Amino acid sequence: MSYCVHVLYDGYSKMENGKMRANCSCTLIKGPNNMIVDTMTAWDKEKLLSGLDSSGVSCDDIAYAVGTHGHSDHLGNLNLFTKAKHIVGFTVSYGDEFFIHPFETGEAFKIDDSLQVIPTPGHTSADVSVVVKTKDLGTVVVAGDLFEREEDIADPSLWKYIAGSEDPESQEKHRNEVLLLADYIIPGHGPMFKVTSLMKETALGSAACNDK
Ligand SMILES: [Zn+2]
C-alpha cells in the first residue's frame, strides 16, 4: 500500500502584542484510506476546503478524520467530513455510533499495514498520533501537540510550559517512542522536520534512563 503526506498548512503559535495566536498543522494523507489530521479552527472552513481542492481531494473522499486531541484549534471542521470515521483523542465514532477501542492500554488503531493511530498521551490525557509509511519519506508521524515544533527538542520548556502538558512524564515517554520510530515528524504547531540520528540517540539514552 502506498501513501503520501501533504501538509496543507503548517501550524504556528506565537505571542503577538501580548496575545497568543495559534493554529494547528493540517495534514492530508492520501492513499488507499484517505485521512485528514487536525482540522484547524472553526473559522478555517474555506481555507481547509481550498487546501483539499488543490490536492485533488473532496471532503467525501476522506475515510478517516482525526483530531489528535480535544483542543478547539484541532477540531474546528470535523463536520465537513460526514463520510469519514472520526477519531478524536481516544474516541472513535461514525454518526451516533461509537466504537470501543482500548487506546488507554496502549493499543494502536490499525487501519491497514501502512496506516495506524497510536495513543500518545501527555499534552492531554487522550492524545493520539498518526503513523504512516510513505514511499518518499519513510515513516512519518503526524504527532499533534506531542511536539509543539522542532525547536522544542532543544528547548523542552516550549512543550512543557508554553504549550502546556497535563502529564510531562507520559509526554516525554511518548515523544521518545515517536523519535525512535519516525523518519519525519509533523508537529502540532510548526513545519514538518526530519528526525536526525542525534535526536534518535538522545531519545534512546533517555528512554533507557526511564526504564531504570
Ligand atoms: Zn494545539
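The values are calculated or read from the model by the stated rules, or taken from the named source; none is laboratory data. Treat the numbers as computed from the prediction; the structure is a model and nothing was measured. Every residue, glycine among them, receives a Cβ derived from its backbone with ideal geometry; neighbour counts consider all protein chains shown. Ligands, DNA and RNA are stripped out before the accessible areas are found, and what is left, the full protein with its side chains, is counted by its heavy atoms. Shrake-Rupley method; radii C 1.70, N 1.55, O 1.52, S 1.80 Å.
Descriptive notes on the structure:
- P(r) histogram, all alpha-carbon pairs of the stretch 61-116 included - 10 Å bins from 0, percent: 22, 55, 23, 0
- The chain has equivalent-ellipsoid semi-axes of 25, 20, 17 Å, by the square roots of 5 times the alpha carbon gyration tensor eigenvalues, sorted largest first.
- Helix 197-211 axis versus longest C-alpha principal axis of the chain: approximately 70°, rounded to the nearest ten.
- Counting charges near N23 (Lys, Arg +1; Asp, Glu -1) among other residues having Cβ under 11 Å from its Cβ returns a value of -1.
- Among G95, G164, G51, the largest mean-square fluctuation in a Gaussian network model of the chain (Cα springs under 10 Å) belongs to G95.
- 10 Å-binned pair-distance histogram of the stretch 47-91 (Cα, whole percent): 29, 54, 17, 0
- Only alpha carbons enter this Debye calculation for the stretch 1-76, each as an equal point scatterer, and the log10 of I(q)/I(0) it gives at q = 0.12, 0.15, 0.16, 0.23 Å⁻¹ is -0.34, -0.51, -0.57, -1.05.
- Order by protection proxy (mean Cβ within 10 Å, highest first), peptides 172-178, 39-45: 172-178, 39-45
- Residue separation of K200 and K19 scaled by 0.36 nm, minus their Cα-Cα distance, works out to 61.7 nm of gained length.
- Taking all protein chains as shown and a probe of 1.4 angstrom, L204 keeps an accessible surface of around 110 Å².
- Inter-label distance for Y12 and A108, nm, one decimal - labels placed 7 Å from Cα along Cα-to-Cβ: 3.4
- Over all distinct Cα-Cα pairs of the stretch 89-169, the Kirkwood formula returns a hydrodynamic radius of 14.0 Å.
- Against the main long axis of the alpha-carbon atoms of the chain, helix 168-181 sits at an angle near 80°.
- Rounded Å value of the spacing that divides the Cα centres of the stretch 47-116 and the stretch 187-204: 24
- Inter-site label distance for D96 and D183 at 7 Å from Cα along Cβ, in nm: 4.5
- Peptides ranked, highest mean first, by Cβ atoms within 10 Å: ranges 84-93, 188-197: 84-93, 188-197
- The alpha-carbon of K135 sits under 24 angstrom from the alpha-carbons of these lysines, leaving out residues fewer than 8 places away in its chain: K30, K110, K194, K200.
- Take every DSSP beta bridge whose two residues both sit in the stretch 114-212; close to 75 percent of them are antiparallel.
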